[in-house]
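Accompanying notes for the structure given below.
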Amino acid sequence: MNTFSFTADTERGRFFDFERPITITHAPGSLDVLGGLAEHAGGLVLRLPLAPAAHVALQGDMEPTIRMRLLEADGTAHDVSLPCERLAPGGEPIEYSDWRVVMRDFLALQSPIACPEQRRRANPQSPIPNLQSLIAFSAFLVLMREEFVRFAGGVRLLVRCDIPLDEGGRAALAVAVLQALVTWANVRLPTRELALHAQTLARRCLELPDGVAAPATALHATAKHGLLLRCNPLAVAGNPHLPHDVGLWAVQLGEADARPWRQAQVAVAMAGRILSQQLLAQEGAEAATVEPEQRRAARALRGTMQQGYLANLNLAGFAQRFGQLLPESLSAAAFLAQHGPLPDDLLPLEPGAVYPLRAIASHAVAESFRARTAAALLPHAHGHSRDETLALLGELMAQSHDEAATYGLATPAAQRLVQLVQAAGPEHGLWGARACGGGHMVAVLGRHNKGEALHKLVDQFNAETGGAARVVEGVS
């Protein structure tokens, strides 16, 4: 942050005006310690803020234009600008659907920054736009549409994003720009609302079904603390302390195919729809024989299922009752014929695909349980109970990883790195690992002073696979 502040200050008289004040914000990336798919089922996830961050410096400008300078890792800069009239002709913000057309046309001529997940519905073969610009410009529109903010004049934005533009990187950049805008415009918004607006940006402007955990982590980041989130749609359920001798690292593996993760999200949504309909049918059949209090509880549960909050079920309840209401697998065609399309048009069913509904739903419920258990255990990982607690946490991570690998949610590279960590084990101060982030990242648990052992393993992994994996530290 201090380095970026210095960089922003050196831009006075060049990109920025000498006299006007500059607002500086940053937002860290996040590590999915445990929880994973539970985020998309309304359950609990345990996150950790990472050291790399998105940085933004903003200065108001009299000219009604958004001017942006993007700083790249190699020191080069890329300038792009957008007249405010394109966002709000006549002073009123345009519709999200119209905005996507505007940005496709406007940014197609800019230098692209690759984003393998960017879905281009109107023309899938068209060039991928500059995603950093798209996120930053979209933040203005989201605040205008969702909070009725009106900006006087224009702004100059200096942006440096030290995070790959996966879901966590997109969230961090969106949060940093949103924070800068509301600070500059003197708009008071709760952090919860800012996180939800960042998710709205991803969904309505980028057309990506990103969750809310990454922006929430960027906003609630605290050094040496995890963040337990309930994603229904968003509530902070805990802020467990990370003892000083416990280390959590992310190993970034590079790009991964997003399709298996998206298919798992679809399966979770399908399971929620089926369970809500099954519960509705049961409620009608039992109306004459069940006590009113039980009927109210059943209606509340059905409402939870209708909203997609499958992971609110407890493990025992799912195994004993609700899991049996789901078919083991179901084709897309059969689901559409029996239950109709999903309400979320960002989660289309693939023609010809068969979804393992019961297994994926069980995994989402179990992930929520593991996140809650880990959050309760983590603060006790010190003193005489440290090793025993780390062993339990490592077991939770191993369970999560094995299930994810079974359902295709861990890439071969992630599986190999987890194998290396598990083989090294407690003798080398490493207690657990799991694939996360859709398979392009691995979370590693160990003793805080054993980072060197992990770096050696990653070097071994890179030599073996020809990869370029790198270790990323948590916020300290």
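The values are calculated or read from the model by the stated rules, or taken from the named source; none is laboratory data. It should be emphasised that the depicted structure is a prediction, and the values quoted were computed from it without experimental measurement. Because the Cβ atoms are built from the backbone with ideal geometry, glycine has one as well, and the counts that use them run over all protein chains shown.
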Test residue 32 against the stated conditions and say whether it is among the acidic types (Asp, Glu), over 25 Å from the mean Cα position of the chain (by Cα) and assigned to a strand (DSSP E or B).
-> no
Give me the pairs, please: first residue somewhere in the stretch 13-24 and closer than 14 Å to residue 68 by Cα, second residue anywhere and modelled with pLDDT of 95 or more and in a loop (DSSP other than H, G, I, E, B), beta-carbon distance under 8 Å, and either six or more positions apart or on two chains.
-> 16/22
Are any of the residues in the stretch 448-458 among the charged types (D, E, K, R), assigned to a helix (DSSP H, G or I), out of contact with any strand residue (DSSP E or B) (no Cβ under 8 Å at 6 or more places or on another chain) and surrounded by fewer than 23 Cβ atoms within 10 Å (Cβ to Cβ)?
-> yes
Within the stretch 61-83, how many residues turn out to be surrounded by fewer than 13 Cβ atoms within 10 Å (Cβ to Cβ), hydroxyl-bearing (Ser, Thr, Tyr) and either in contact with a strand residue (DSSP E or B) (Cβ under 6 Å, 6 or more places away or on another chain) or within 17 Å of residue 12 (Cα to Cα) (or both)?
-> 0
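Per-residue answers, yes or no, for (1) over 16 Å from the mean Cα position of the chain (by Cα); (2) surrounded by 23 or more Cβ atoms within 10 Å (Cβ to Cβ):
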residue	(1), (2)
156	yes, no
160	yes, yes
164	no, no
176	no, yes
179	yes, yes
185	yes, no
190	yes, no
215	no, yes
225	yes, no
Of the residues 472, 418, which single one is buried (at least 24 other Cβ atoms within 10 Å of the Cβ) and hydrophobic (A, V, I, L, M, F, W, C)?
-> 418
Give just the number: which of (1) in the same structural domain as residue 467 (by TED's automatic domain parsing); (2) part of a helix (DSSP H, G or I) does residue 433 not satisfy?
-> (2)
Would the stretch 197-207 turn up any residue that is in contact with a strand residue (DSSP E or B) (Cβ under 8 Å, 6 or more places away or on another chain), surrounded by fewer than 24 Cβ atoms within 10 Å (Cβ to Cβ), among the acidic types (Asp, Glu) and modelled with pLDDT under 95?
-> no
For the stretch 375-398, indicate whether the set of residues that are surrounded by fewer than 24 Cβ atoms within 10 Å (Cβ to Cβ), in the same structural domain as residue 327 (by TED's automatic domain parsing) and closer than 21 Å to residue 256 by Cβ is non-empty.
-> yes
If the Cβ limit is 6 Å and pairs must be 6+ apart or interchain, which residue in the stretch 368-396 that is more than 17 Å from residue 433 (Cα to Cα) pairs with which residue that is surrounded by fewer than 23 Cβ atoms within 10 Å (Cβ to Cβ)?
-> 369/315; 379/240; 379/241; 380/389; 382/243
